[in-house]
Every structure is written in structure tokens, then in C-alpha cells.
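Comments concern the structure below.
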Amino acid sequence: MRRTRRRDIQPLLRENRLHKTDLVAPLFVDATIASPRPIETMPGQFRYPVDDLVDRAGRLWDAGIRLVILFGIPARKNNRASEAYAKDGIVQQAVRAVKDALPGMVVCTDVCACEYTDHGHCGIVGKTRDGVDLLNDPSLALMADIASSHAESGADIVAPSCMLDGMVQAIRAALDDGGHADVLLMSYSTKFASALYGPFRDAADSGYAFGDRTTYQIAPGNGREAFLESKLDAEEGADILMVKPAGLYLDVLASIAGLGLPVAAYQVSGEYALIKAAGERGWIDERAVAMESLTCIKRAGADLIITYFAEEAAGWLHEEQ
Ligand code: PBG
Ligand code: ZN
């Protein structure tokens, strides 16, 4: 085998290479601040007011990133998440501003209610046999309204992340009825009930007041159920599937890539925080571990990788060329 690893031969036989266009940068836009605010649990990441978000998107563009996914922190929360579909809601403003400044940047929005509800759950809650919990069917219209309002503002891709049954079909129908047949739907189709979302919940102010998300997100040990979730979303009309988190779920990612649709992997806040924290202490080589993690996510079958390392990784790729 060592013949194929000769220094001159090795680069010719590399099976998987990361490209800048594989990388998707998550961005947080915050209606309550006037200047960028660092996110403590995610070193190097910030919440931005709209203007600064546009500047950041410009730097990402210059680094070679062509796709961003936006999360909003609204000024007001209530039990209907009404700021999530408001015409001049924070994400709606941000989409318009980014598309105005950078028409070539593909803008995706996270479609969920947990940043917009006062209780922090991902949709409408009510009494169930499990106590007060997320209600499935009553939340579908809300997701359709959020997605439609993002599309109306100019979003190219909407990404529902709430793990409701029937959400893809409901959103696709609403987009088509509203004249947005060309807006893509990237479903968070296989989303695990992971402890790795902790830093994000600080970043997006989306921690929940009661209960947990285990009645709608998948138990980490369930691979067959994880596959079925993505298969159903494919049948409902998703354009892009997603596995989240990424690094601990590469077997699931590989199986879902076999469905034939493009697949995204979300390297989540906790995965980023682990690498950053150990890197800051000098316990690991941050750059090398980050690039290894991204390369292996690609090897497992991801077409897109949503990662907080997007801008840095684009810079590292540039240096390697
Ligand atoms: C909202 C949402 C979450 C993440 C993306 N969209 C949090 C959650 O489900 O609790 C997590 C992203 C990350 O941890 O980086 N539903
Ligand atoms: Zn949510």
C-alpha cells in the first residue's frame, strides 16, 4: 500500500477533498443589539445587528463562502411566535439586506419557532398525554407561515428544523401556492435529541422553560428511525436532507446519502465548542482537528457542511492551494 502513498502519488489519489463551496456559515442576527456581541460559549462567533451582519456576509463572500443560514433573535417573544413571520421581523430584514448587498450569496433561513416563543419550544404547545408539550398539527400552519414570509423576503432556501410530522409537505404546499415554487426546501430531516446544542441555545436564546425536545427529536441510539425520518421527508418533497449533529452520526449520514437527494450535515455548536476549547488549551491542534472533522463529514457523504468553522476553513483551504 505504501507505493500509493508516495509523496508525488498521494495527492493524485486523494478520494475526498473539501471545497469552499461545501461550507455553509450559520449567522445570528439580533434585533436587540446595536453592535456585534460575542457569543461566550462559541469563541469567534457573534450575534449581529442587521448592518454588521451584512458586513460579515461580505467577508464570507470574499473568503469564498456562497451559502449562509440565518437565525434570528427577536425583540419580542410570545406563545404564538408572531415575530417569526412578521413582515419586518429580524430575519426578514436580514434576508432583504444581505440579498440587496450580495445578490449572488445564496441565503437560507432556519424555520423554527423556538427563538420566538416565550416558552422556548419549537412551535405551538398544549396539553398532551406527556403533559404540556409541542403540538404537531397545530404547529404546521405556523411553520408554513414562517417559511412563506422568509421566501417573500427573498430567501433562496428555507430550512425547517422543528421535526414535526408533515412539515415538509405543509411548507412545500404553502410555498407553491404563494408563488415560490423556485425556493428550495432543506429539511432538518434527521435531527437527534443531542446534548451538543447547548452553546447554540445560549447563542440564540432558545433554551426551553419546561420539558425537553425528546418527544420530537430522535434518540441518539436510533439509526433505523433516523433513516426513516429522512426517507419520509424525501417523499414529502424535500430538496435537500440533513443530518444533525454531524460528527457522532456519520453512519446515519452515509445511509441517508443513499436516498439519492443532496445531503447536508450540521456540525453543531457543541462540536465546534469542543474543538475550540481543546484548541485554546493547546491540547489539540485546532486547525488540524477542524479540517479532519470536516473532511470526514464529507467522506461520509455530505454535499454541504453547515459549520461555525466555515470562514476559517475557507481561509485554510486557500492557504493549502
Ligand atoms: C432550532 C435549532 C437548533 C439548532 C439549529 N436550529 C437548536 C435546537 O434544536 O435546540 C442547533 C444548532 C447548533 O447547536 O449549532 N430548532
Ligand atoms: Zn426549534
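Here are some notes:
- Comparison of Ala155, Ala147, Ala174, Ala219 shows that the only residue that is out of contact with any helix residue (DSSP H, G or I) (no Cβ under 7 Å at 6 or more places or on another chain) and among the aliphatic types (A, V, I, L, M) is Ala219.
- Within the range 91-105, the residues that satisfy the criterion of being open to solvent by less than 50 Å² (accessible area, probe 1.4 Å) and more than 15 Å from ligand 1 (Cβ to nearest atom) are Gln92, Ala94, Val95, Ala97, Val98, Lys99, Leu102, Gly104, Met105.
Okay, residues lined up against (1) open to solvent by less than 20 Å² (accessible area, probe 1.4 Å); (2) farther than 18 Å from Tyr188 by Cβ; (3) without any contact (Cβ under 8 Å) to a residue 12 or more places away in the chain; (4) out of contact with any helix residue (DSSP H, G or I) (no Cβ under 8 Å at 6 or more places or on another chain):
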residue: Val252; (1), (2), (3), (4): yes, no, no, no
residue: Tyr266; (1), (2), (3), (4): yes, no, no, yes
residue: Tyr272; (1), (2), (3), (4): yes, no, no, no
residue: Thr295; (1), (2), (3), (4): no, yes, no, yes
residue: Ile305; (1), (2), (3), (4): yes, no, no, no
residue: Phe309; (1), (2), (3), (4): yes, yes, no, no
residue: Ala314; (1), (2), (3), (4): yes, yes, no, no
residue: Glu319; (1), (2), (3), (4): no, yes, yes, yes
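- The residues listed here are Ala113, Ala155, Ala159; of these, the one that is small (Gly, Ala, Ser), touching an Asp or Glu at 6+ places or on another chain (Cβ under 9 Å) and open to solvent by less than 50 Å² (accessible area, probe 1.4 Å) is Ala159.
- Counting residues in the range 212-233 that are touching a residue at least 24 places away in the same chain (Cβ under 8 Å), open to solvent by 50 Å² or more (accessible area, probe 1.4 Å), within 20 Å of Leu23 (Cβ to Cβ) and not β-branched (Val, Ile, Thr) gives zero.
- Of everything listed in (1) within 22 Å of Arg299 (Cβ to Cβ); (2) assigned to a strand (DSSP E or B), the single unmet condition for Leu185 is (1).
- Residues in the range 212-236 that are part of a loop (DSSP other than H, G, I, E, B) and touching a Phe, Trp or Tyr at 6+ places or on another chain (Cβ under 7 Å) were compared, and the one that is farthest from Glu271 (Cα to Cα) is Gln217.
- Check on Ala290, of a type in the set (A, V, I, L, M, F, W, C) and crowded, with 19+ Cβ neighbours inside 10 Å: yes
Here is a yes/no grid of residues against (1) in contact (Cβ under 8 Å) with a residue 12 or more places away in the chain; (2) over 23 Å from Val29 (Cα atoms); (3) not in a strand (DSSP E or B):
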| position | (1), (2), (3) |
| --- | --- |
| Gly120 | yes, no, yes |
| Val132 | yes, yes, no |
| Leu140 | yes, yes, yes |
| Ala159 | yes, no, no |
| Asp165 | yes, yes, yes |
| Ala170 | yes, yes, yes |
| Asp205 | yes, no, yes |
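- The range 28-66 - residue that is outside any loop (DSSP other than H, G, I, E, B), small (Gly, Ala, Ser) and over 19 Å from the mean Cα position of the chain (by Cα) and, of those, nearest to Asp110 (Cα to Cα): Gly58
- You will find that of Gly126, Gly104, the residue that is outside any helix (DSSP H, G or I), more than 14 Å from Arg80 (Cβ to Cβ) and away from ligand 2 (no atom under 16 Å from the Cβ) is Gly104 and no other.
- In a residue-by-residue description of the range 14-27, the property of being in contact with a helix residue (DSSP H, G or I) (Cβ under 9 Å, 6 or more places away or on another chain), open to solvent by less than 50 Å² (accessible area, probe 1.4 Å), more than 30 Å from Tyr216 (Cβ to Cβ) and at pLDDT 95 or above applies to at least one position.
- Comparison of Ala174, Ala170, Ala147, Ala209 shows that the only residue that is more than 20 Å from Ser269 (Cα to Cα) and surrounded by 24 or more Cβ atoms within 10 Å (Cβ to Cβ) is Ala147.
- Scope the range 141-188; condition closer than 13 Å to Tyr216 by Cβ and within 16 Å of ligand 2 (Cβ to nearest atom); matching residues: Met143, Pro160, Ser161, Cys162, Met163, Leu164, Asp165, Met167, Tyr188
- Ala155 vs. criteria more than 16 Å from ligand 1 (Cβ to nearest atom), outside any strand (DSSP E or B) and small (Gly, Ala, Ser): no
- Verdict on Ile256 being more than 16 Å from ligand 2 (Cβ to nearest atom), open to solvent by less than 20 Å² (accessible area, probe 1.4 Å) and not charged (D, E, K, R): yes
- Test: residue in the range 173-185 that is within 15 Å of ligand 1 (Cβ to nearest atom) and either at pLDDT below 95 or of a type outside the set (S, T, N, Q) (or both): no
The values are calculated or read from the model by the stated rules, or taken from the named source; none is laboratory data. As the structure is a prediction and not an experimental result, all values here were calculated from the model. Methodologically, a virtual Cβ is constructed for each residue, glycine included, from the backbone with ideal geometry; neighbour enumeration extends over all protein chains shown. Side chains included, ligands, DNA and RNA excluded: accessible areas come from the protein's heavy atoms. Shrake-Rupley method; radii C 1.70, N 1.55, O 1.52, S 1.80 Å.
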